[in-house]
Each structure stands twice: as C-alpha cells, then as structure tokens.
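Below you'll find the structure, written out as structure tokens, and then a few comments.
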Amino acid sequence: METLQALIFDVDGTLADTERDGHRLAFNAAFAEAGLPWHWDAALYGELLAVTGGKERIRFFCEKHYPEFLERADADERIKALHAAKTRHYLELIDQGGIPLQPGVARLMREARAAGLRLAIATTTTPENVTSLLKASLAPEAESWFEVIGAGDVVPKKKPAPDIYLWVLEKMKLSPAACLAFEDSANGLKAALAAGLPTLVTESEYTLDHDFTGAFAVLSDLGEPDKPCEVRRGDMHGKTFVNVELLRLWHEEIIRNR
Ligand code: XBP
Ligand code: MG
C-alpha cells in the first residue's frame with residue numbers, strides 16, 4: 001500500500017491570513033502610487049478573490065468596474081507594472097513583521113520534518129511573497145525546509161486548474177496518492193482534487209462560506225495541544241489537533257478506500 005511521503009501546502013489563507021491585511025493593502029498602495037482612484041475595501045476584495053493571481057485579479061476588477069482601462073493599447077503592461085509595485089509593497093509589509101501563521105502550521109511542519117516527510121508548496125502567489133513569508137513568519141531558514149516551491153507564473157493556468165499541483169508532483173517524482181494537500185479555498189481545493197490529491201481544508205477569513213465538497217476533512221485550523229481545532233467535517237480519531245500520527249491515519253484510510 002502507498003505510504004504517506006509528502007505534504008503539499010497552499011500559502012495564502014492556509015499558512016496565514018495574508019489577504020485582507022496583506023495583499024489587499026499592497027494592491028491599494030500600488031493603485032494610490034500610480035495615481036489611480038481605485039480602492040479595494042475588505043468586502044469588494046472578498047468578491048475579487050474569486051479570481052486567483054494578482055494580475056488576473058486586477059484585470060477582473062477592470063472588466064467589472066473600469067472596462068475603459070482595458071481598451072488602452074498598453075493595458076497589459078500597466079497591469080504588469082501595477083502588479084510589480086503591489087509585490088514591492090507586499091514584501092515591505094511582510095518584512096516589517098510578517099503575518100502570524102495559522103494555529104498549528106509551524107508545529108506540524110516541524111513535526112513532519114522530524115518524521116521524514118517531504119514538504120512542498122503549491123500556490124498562485126508570486127515566489128518572492130512565499131519566501132518572504134516563510135522567512136518572516138516561520139523561521140529564517142524555512143525556505144530550505146521545502147523541497148519544491150511551486151508559485152506564481154511557473155504554470156500559465158492558475159488554480160482552480162490543477163497545473164501547479166501537477167508541476168510540484170512532477171518535480172518531486174511522486175504520485176498524488178503518496179501525498180496530502182492543505183488548502184483553504186474552494187478554488188484551491190478544486191485544483192488539488194483535480195490533481196488527484198487527498199486534501200485537508202482549514203478555513204480562512206474569506207473562505208468560511210465556500211463549498212468544500214471532496215475534502216477528506218474541514219477544520220477551523222490545524223489546532224494546537226492547548227487550543228483544539230473546530231471540526232466542521234471529518235473524523236479526528238479522538239484527537240483535538242492535527243499531528244503527523246493523525247495525517248498517517250487519514251492517509252491510510254483514504255488509500256484503503258480508493
Ligand atoms: C492566492 C491568490 C493570490 C494572492 C495574490 O490564492 O489568489 O493571487 O491573493 O498574489 P491561493 P499575487 O491561496 O489559492 O494560492 O498578487 O502575487 O498573484
Ligand atoms: Mg489559499
């Protein structure tokens with residue numbers, strides 16, 4: 001029987017709540033700097049999150065609210081430039097103190113490494129955003145904990161397409177049945193499932209009402225020994241937080257029933 005060999009993590013919403021007080025603020029700073037009258041409040045940003053990828057999200061916003069912006073011959077270049085400025089602002093924000101990781105993330109990653117599990121990342125966000133967050137919020141050397149970091153434009157089709165997960169699996173030379181994926185959103189879950197990965201969902205502030213059909217469990221977060229997670233769906237096998245032992249139990253069960 002296939003044994004559990006690797007854990008593949010999404011970033012935004014899964015490792016930390018980076019959207020409202022991270023990415024959103026960085027987009028707004030870029031718009032202001034460019035002299036644009038655009039402002040994404042927290043509610044509007046929730047709607048725009050339907051589209052993954054920052055450049056794709058700016059374009060989606062324009063289609064709905066400023067279609068004339070897209071009619072200009074240099075629209076693509078301007079979106080690229082706005083997004084580059086957004087990334088600069090996001091990195092500054094992270095460097096100024098990081099964004100706290102979700103409960104249980106750092107603990108589970110340390111435990112998984114000690115248990116010999118391989119770690120990887122599959123995200124739509126820009127690569128530098130991932131490495132900065134890992135460094136600021138997990139550990140200075142945390143980038144080296146991950147064998148593969150699949151991020152941003154390395155694949156043309158972003159989540160919900162499975163491409164970024166397939167890219168990571170290919171790099172690791174692993175079958176999806178040897179891995180578990182960690183996601184927080186419906187788009188992320190769709191991507192992971194379409195790549196054949198058993199997926200655990202932990203909610204984030206913008207994804208509480210998402211449809212998580214297909215996830216083997218849905219939790220508020222990974223929990224800590226002194227801070228039980230809330231279980232929306234799934235069998236915790238009597239445990240109050242997620243650890244490697246529970247991941248192995250879930251994985252065995254999933255493979256047996258496939
Ligand atoms: C993350 C995203 C990203 C970030 C912004 O989704 O959708 O677009 O919001 O990042 P997921 P960039 O968690 O499913 O990977 O601006 O760097 O694209
Ligand atoms: Mg996410």
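Value of Rg to Rh for region 151-206, rounded to two decimals, is 0.96; Kirkwood radius and Rg both from alpha-carbon coordinates.
Within the listed set T125, T87, T213, the residue fluctuating most in the Gaussian network model of the chain (springs between alpha-carbon atoms under 10 angstrom) is T213. When DSSP assigns beta bridges and you keep just the ones with both residues in region 155-250, what percent turn out antiparallel, to the nearest 5? Approximately 35 percent, going by the DSSP bridge assignments. With the charge dipole of the chain set up from +1 on Lys and Arg Cβ and -1 on Asp and Glu Cβ about the Cα centre, the Cα lying farthest toward the positive end among the listed residues T125, L208, Y66 is that of T125. Of all DSSP beta bridges located in the chain, what percent are antiparallel, nearest 5? Of those bridges, close to 20 percent are antiparallel.
Using C-alpha pairs under 8 Å with a sequence gap of at least 6, the mean separation divided by the residue count of the chain gives a relative contact order of 22 percent. Sorted largest first, the spans of the alpha carbon positions of the chain along the three principal axes are 57, 34, 33 Å. Note on the chain: GNM, Cα springs under 10 Å; of E230, E141, E19, the largest mean-square fluctuation is that of E141. Taking the Cα centre of region 204-258 as origin and assigning +1 to Lys and Arg Cβ atoms and -1 to Asp and Glu Cβ atoms, the resulting dipole is close to 300 debye. In this structure, the pairs whose alpha-carbon distance is over 21 Å, taken from K157/K190; K86/K158; K173/K239; K55/K86; K80/K135, are K173/K239; K80/K135.
When you restrict to C-alpha pairs under 8 Å that are six or more residues apart and normalise by the size of region 89-203, the relative contact order lands at 21 percent.
Using a Gaussian network model of the chain whose springs link C-alpha atoms within less than 10 Å, name the residue from R57, R110, R88 with the highest mean-square fluctuation. Of R57, R110, R88, the most mobile in the Gaussian network model is R110. Rg of the Cα atoms in region 196-239, relative to 2.2 N^0.38 Å, amounts to 1.16. Positive-end ranking of N28, A151, L138 along the dipole of the chain, with charges on Cβ about the Cα centre, is headed by A151.
Where a number appears in this text, it was derived from the coordinates with a stated rule and is not lab data. Since this is a predicted model, take the numbers as computed values, not measurements. Here Cβ is always computed from backbone atoms with ideal geometry, including for glycine, and neighbour counts include all displayed protein chains.
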